[in-house]
Amino acid sequence: MKVTNFTKKGDVVEFDISGVDVAVLNAFRRTIVSGLPIMAMEKITFYNNSSILNDEILGHRIGLVPLTTDLKTYIPRVDCTCKGEGCAKCTATLTLDVSGPGTLYSGDFKSTDENIKPAYEKIPLVKLLSEQKVKAEAEAVMGYGSEHVKWQPGVAGYEIKDNGSFHVVVESYGPLPVDELIKNAFEVVGGKIGQLKEKIK
Ligand SMILES: [Zn+2]
């Protein structure tokens, strides 16, 4: 396997790779899209919402806000010993208390864990007029993109070139640095191939 022309610009990495099978590269792509766990806001309790958006629509927008992820402290809820109840190992809490006039941004969330917070501060969620308020509490849960797109950490694609090599582009949506995304994806693919090898033996 040979990697050349590696470039990194912000959250986007591009490189050429040769000496690798298309199936392995596709497994890498699918792992980035759906097989790497990250945090996202899952259960949202509204104590007050007098904005123009109803709880369901605003809750859906909030769920799609990318959160920075801490893989050392948290584990996916499906693998957690709490069996889906929610506990400190799989869940973090974020709160929101904003009054208009003004725009409610992703950065208005306050987190109980400084490692789990909106990856971008200026994602507009709703415009508030004077007298309008949003007060809410959200549970951030670690999950996989295979379950819902809000747990998709980024996107990866490749183009097959004439000489049989590939041009690969990977972009992180913000939960993890793009280089970590690539490293973790190769580790997951390598681990799965290793498991298969063991089973065949
Ligand atoms: Zn748990």
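Quick note: the coordinates plus some simple rules give every number you see, no bench work behind them. Not measured: the values here are computed from a predicted model. Cβ atoms come from the backbone with ideal geometry, glycine included; neighbour counts cover every protein chain shown.
Once the Cα atoms are used to define both axes, helix 22-34 deviates from the longest principal axis of the chain by about 10 degrees. Annotation: every cysteine of the chain has a disulfide-compatible partner (Cβ-Cβ under 4.7 angstrom). Compared with the dominant Cα axis of the chain, that is its longest principal axis, helix 178-200 is turned about 60°.
For Lys122, the lysines whose Cα comes closer than 17 Å to its Cα, not counting residues fewer than 8 places off in the same chain, are Lys110. Computed from the Cβ-Cβ distance with R0 of 35 Å, the FRET efficiency linking Lys110 to Thr7 stands at 0.45. Step through the table entries Lys83/Lys135; Lys8/Lys192; Lys83/Lys133; Lys8/Lys83, compare each Cα-Cα distance with 32 Å, and write down the pairs that go over it. The answer is Lys83/Lys133; Lys8/Lys83. From helices alone, the chain scores -7500 deg cm²/dmol at 222 nm; the rule is -39500 (n - 2.57) for each run of n ≥ 4 DSSP H residues, then divide by the residue total.
Ordering Glu131, Glu171 by the number of other Cβ atoms within 10 Å of each residue's own Cβ, fewest first, gives Glu131, Glu171. Applying 1/(1 + (r/R0)^6) with R0 = 25 Å to the Cβ-Cβ distance of Thr73 and Lys127 gives a FRET efficiency near 0.10.
Spatial offset of the stretch 1-78 relative to the stretch 88-111 amounts to 19 Å, using the alpha carbon center of each. Put a plus charge on the Cβ of each Lys and Arg, a minus charge on the Cβ of each Asp and Glu, and nothing anywhere else: the dipole of the stretch 38-144 about its Cα centre is then about 100 debye. In a simple Cβ point-charge model (Lys, Arg +1; Asp, Glu -1; nothing else charged), the stretch 77-201 has a dipole of about 340 debye relative to its Cα centre. Taking other C-beta atoms within 10 angstrom as a stand-in for reagent exposure, Cys80, Cys87 fall in the order Cys87, Cys80, fewest first. Among the trypsin sites (Lys or Arg not before Pro) found in the stretch 49-82, those both in a DSSP coil and sparsely packed, with 16 or fewer other Cβ atoms within 10 Å of their Cβ, are Lys72. Were the residues from Arg30 through Asp55 laid out at 0.36 nm apart, the gain over their Cα-Cα distance would be 5.7 nm. Between Lys43 and Gln195, the contour length at 0.36 nm per residue exceeds the alpha carbon distance by 51.3 nm.
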